[in-house]
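The values are calculated or read from the model by the stated rules, or taken from the named source; none is laboratory data. Keep in mind it's a predicted model, so treat the numbers as computed, not measured. Positions of Cβ are backbone-derived with ideal geometry, glycine not excepted, and every protein chain shown enters the neighbour counts. Side chains are part of the model used for accessible areas, which takes the heavy atoms of the whole protein and leaves out ligands, DNA and RNA. Shrake-Rupley method; radii C 1.70, N 1.55, O 1.52, S 1.80 Å.
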Amino acid sequence: MSVPIVRTVAELRTVVAGWRRSGASIAVVPTMGALHEGHLSLVRAALERAERVVVTLFVNPKQFNNAADLAAYPRTENEDAAKLVPLGAHLLYVPDAEEMYSADFATTVSVSAISEGLCGAFRPGHFDGVATVVAKLLLQTSADFAFFGEKDFQQLQLVRRMVQDLDIPITIVPYPTVREADGLALSSRNLRLSPAERTIAPKLASVLLDTAERLARGSPVLPTLDEARAAILAAGYREVEYLELRGETDLQSMASLDRPARLLVAAWLGDTRLIDNVATSPIGNWPDSQRSVEVEGAKQLRR
Ligand code: PAF
């Protein structure tokens, strides 16, 4: 058994048109390959939501601001295709760079405000590259639903904004971050960690959860974030690129926790840059049932 693969927009459109004629709903899961359990969870969720699921695999050169990073990005098409078979994904779309960007390609999709700061401040051009390729993938597949992980939270909110602004007829479905048992958010970058770094890595998630809980209970934002940065460095991280509290939907900076928010972090462990985020909101806003669940979740990860 194998998953059918198409490599051109024309082939993709032919398959999708057939599905449409039979009245099937369609979901897309955009990826750059090197599939791990986080991606597979997105595919499973997509299969529950739609009758046909396309997984896209394209290492998008426009979102890399560093040529060495692009060259080093894992390319594991055969292994990725094999992982999709037991799930029952219906199609793998694997365009190459020439198919995606013609020699005279001249359009950039740029989403202001939401792409500024956080990862946008440290990866110039990255979000223009993401917005441009995601717009193309959504239009090429003309899917009804597109699934994105909350792990890349700024990317998720940027895609939502873009789809709304450009009237792209698709529902963006977020999926919670998938974590290892010790709390580390799944990422293809985790494979780059040495055994010693791997033992330190989950501290990022535990500091985030602890900080989210303290903020929810009323700790003042700025000193609490300073303490969190110090705790990440004390755990063995080399540098905290950013640790910020931002509005959940608009990603505006927040100096006090007065509405639902996200705590977002990027930090370097040796030569590996890891990102993570958790939700937080004033504890008065939590339903009773959720209070104990959130606090218990934080305790489990601290163990
Ligand atoms: O999150 C990713 O893997 C990529 O940024 C995406 C959404 C597939 C666009 O290239």
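Here are a few things to note about the model shown:
- Listed residues ALA146, ALA205, ALA45, most fluctuating in the chain (Gaussian network, C-alpha, under 10 Å): ALA45
- Taking amide H positions as modeled 1.01 Å from N, with prolines and chain starts lacking one, no residue 5 or more places away or on another chain lies under 5 Å from ARG259.
- With all protein chains in place and ligands, DNA and RNA left out, the 1.4 Å accessible area ranks MET1, MET32, MET254 as MET1, MET32, MET254, largest first.
- The calculated 222 nm mean residue ellipticity attributable to helices in the chain amounts to -12500 deg cm²/dmol, summing -39500 (n - 2.57) over DSSP H runs of n ≥ 4 and dividing by all residues.
- When PHE105, PHE153, PHE122, PHE64 are compared by accessible surface with a 1.4 Å probe, the order from highest to lowest is PHE122, PHE105, PHE64, PHE153.
- For the residues ALA50, ALA97, ALA67, a GNM of the chain with alpha-carbon springs under 10 Å puts the largest fluctuation on ALA67.
- Over the chain, the Kirkwood radius and the radius of gyration, each from Cα atoms, give a ratio Rg/Rh of 0.97.
- Dipole magnitude of the range 136-217 about its Cα centre (Cβ charges: Lys, Arg +1; Asp, Glu -1), debye to nearest 20: 240
- A straight Cα-to-Cα reach below 12 Å connects LYS136 with the aspartates and glutamates GLU99, residues fewer than 8 places away in its own chain not being considered.
- Histogrammed with a bin width of 5 Å, the alpha carbon distances of the range 84-206 distribute as 2, 9, 15, 17, 19, 17, 12, 7, 2, 0 percent, first bin at zero.
- Computed over the chain with a Gaussian network model linking Cα atoms closer than 10 Å, the most mobile of ASP96, ASP128, ASP271 is ASP271.
- Centroid-to-centroid separation of the range 174-248 and the range 1-61 [C-alpha atoms, Å]: 32
- Under 14 Å from LYS83, Cα to Cα: aspartates and glutamates that are on another chain or at least 8 residues apart: GLU37
- Positive-end residue of MET100, LEU215, ASN66, charge dipole of the chain with Cβ unit charges: LEU215
- The range 119-172: radius of gyration over Cα atoms, expressed as a fraction of 2.2 N^0.38 Å: 1.10
- Cα-centred dipole magnitude for the chain, charges only on beta-carbon of K, R (+1) and D, E (-1), debye, nearest 20: 400
- Most positive-pole-ward Cα, ILE172, ASN190, LEU139, against dipole of the range 99-217 from beta carbon charges: ASN190
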